[in-house]
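So the structure is just underneath, and the comments pick up after that.
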Amino acid sequence: MTLQSRPVIDAYLAEHHLMPYEKGILAEIVAAIAGGDAEKLNWFAGFGDSFRTILMNLYAYRKGLEFGFTDISFDKYGWFVRPQFLDYEVVKLGNSERYGEYSEIRMGRGVNGIWSYAISYSYGCEGGGSALSVYDPHFPSREAALTQALAKLKAMFAAKIGSTDTTNHKQDIILKTLKTIAAFEVSRIQLALF
């Protein structure tokens, strides 16, 4: 990127359907070009060798800042390295001894004390999930993150009770998971009392 990159950016904007954050970053780059700020343009260029890479890497970096992560590093392919959450914890729910019969909550804390969670879930054959990342929701404490994650899982599983899709929604797994969530919530209340 140089002070002469404006036509290339205009063409990129015209040719791609961009997310609002991508348009915002490109607007920042255009403002740096208009202001003749070569130092800032070099900073932007340090995030990748294409507009797509720069936009995604810079967005990842800024999302990390929301959790207090400030390091800037890239893997061998040029992608931003995912920050490692502190106090990382995994809570397994359901029958964890048999593959596909449990769900889990992964929680962690950012450097600035902000917590988040990610979930993986299995109804039997159907399921999904994601790794804990800076794109996940923000919470002021571990307890707030865990409470929200449990509520989300409970609602997801309760919605599958009585499903006629017995291939994907195994009722025994759904009921075991809901029972495990309920027991886990009771144990949290009991611990809070002491």
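The values are calculated or read from the model by the stated rules, or taken from the named source; none is laboratory data. Given the structure is predicted, the values throughout are model-derived calculations rather than measurements. Cβ sites come from the backbone with ideal geometry, for glycine too, and all protein chains shown count toward neighbours.
Output the number of the condition that SER130 fails; it satisfies all remaining conditions of (1) polar (S, T, N, Q); (2) surrounded by 13 or more Cβ atoms within 10 Å (Cβ to Cβ); (3) under 25 Å from the mean Cα position of the chain (by Cα).
SER130 satisfies all of (1) polar (S, T, N, Q); (2) surrounded by 13 or more Cβ atoms within 10 Å (Cβ to Cβ); (3) under 25 Å from the mean Cα position of the chain (by Cα) except (2).
Looking at ALA131, is it assigned to a helix (DSSP H, G or I), touching a residue at least 12 places away in the same chain (Cβ under 8 Å) and assigned by TED's automatic domain parsing to the domain that holds ASP165?
On the way: assigned to a helix (DSSP H, G or I): no; touching a residue at least 12 places away in the same chain (Cβ under 8 Å): yes; assigned by TED's automatic domain parsing to the domain that holds ASP165: yes.
In short, no.
Whether any residue in the range 73-83 is assigned to a strand (DSSP E or B), farther than 30 Å from GLU22 by Cβ and either in contact with a Lys or Arg (Cβ under 9 Å, 6 or more places away or on another chain) or not small (Gly, Ala, Ser) (or both) is what I want to check. Outline the logic, then answer.
To start, the set of residues in the range 73-83 that are assigned to a strand (DSSP E or B) comprises 74, 80.
Add one more test, that the residue is farther than 30 Å from GLU22 by Cβ, and what stays is none.
Taking every residue of the range 73-83 in turn, none turns out to be assigned to a strand (DSSP E or B), farther than 30 Å from GLU22 by Cβ and either in contact with a Lys or Arg (Cβ under 9 Å, 6 or more places away or on another chain) or not small (Gly, Ala, Ser) (or both).
Just checking, does the range 140-159 include any residue being within 19 Å of GLY64 (Cβ to Cβ), among the aliphatic types (A, V, I, L, M) and either modelled with pLDDT of 95 or more or in the same structural domain as ILE54 (by TED's automatic domain parsing) (or both)?
Going through the range 140-159, the residues within 19 Å of GLY64 (Cβ to Cβ) turn out to be 140, 145.
From what is left, the residues that are among the aliphatic types (A, V, I, L, M) are 145.
Cutting the leftovers down to either modelled with pLDDT of 95 or more or in the same structural domain as ILE54 (by TED's automatic domain parsing) (or both) gives us 145.
Looking for residues that are within 19 Å of GLY64 (Cβ to Cβ), among the aliphatic types (A, V, I, L, M) and either modelled with pLDDT of 95 or more or in the same structural domain as ILE54 (by TED's automatic domain parsing) (or both), one finds at least one in the range 140-159, hence yes.
Can you confirm whether the range 80-88 contains a residue that is free of Cβ contacts under 8 Å to residues at least 60 places away in the same chain, farther than 30 Å from PHE157 by Cβ and not aliphatic (A, V, I, L, M)? Before you say what the answer is, go through the steps one by one.
So in the range 80-88, the residues free of Cβ contacts under 8 Å to residues at least 60 places away in the same chain come out as 80-88.
Cutting the leftovers down to farther than 30 Å from PHE157 by Cβ gives us 80-81, 83.
Filter once more, keeping what is not aliphatic (A, V, I, L, M): 80, 83.
Yes, that holds for at least one residue.
Within the group GLU28, GLU22, GLU104, GLU39, which residue is in the same structural domain as ALA183 (by TED's automatic domain parsing) and not small (Gly, Ala, Ser)?
Details: GLU28 fails: in the same structural domain as ALA183 (by TED's automatic domain parsing); GLU22 fails: in the same structural domain as ALA183 (by TED's automatic domain parsing); GLU39 fails: in the same structural domain as ALA183 (by TED's automatic domain parsing).
Only one candidate passes the filter, namely GLU104.
Which ones in the range 1-45 are assigned to a loop (DSSP other than H, G, I, E, B) and either of a type in the set (A, V, I, L, M) or surrounded by 13 or more Cβ atoms within 10 Å (Cβ to Cβ) (or both)? Outline the logic, then answer.
So the first thing to find is which residues in the range 1-45 are assigned to a loop (DSSP other than H, G, I, E, B), and the list is 1-5, 16-19, 35-37.
Within the range 1-45, MET1, LEU3, SER5, HIS16, LEU18, MET19, ASP37 qualify.
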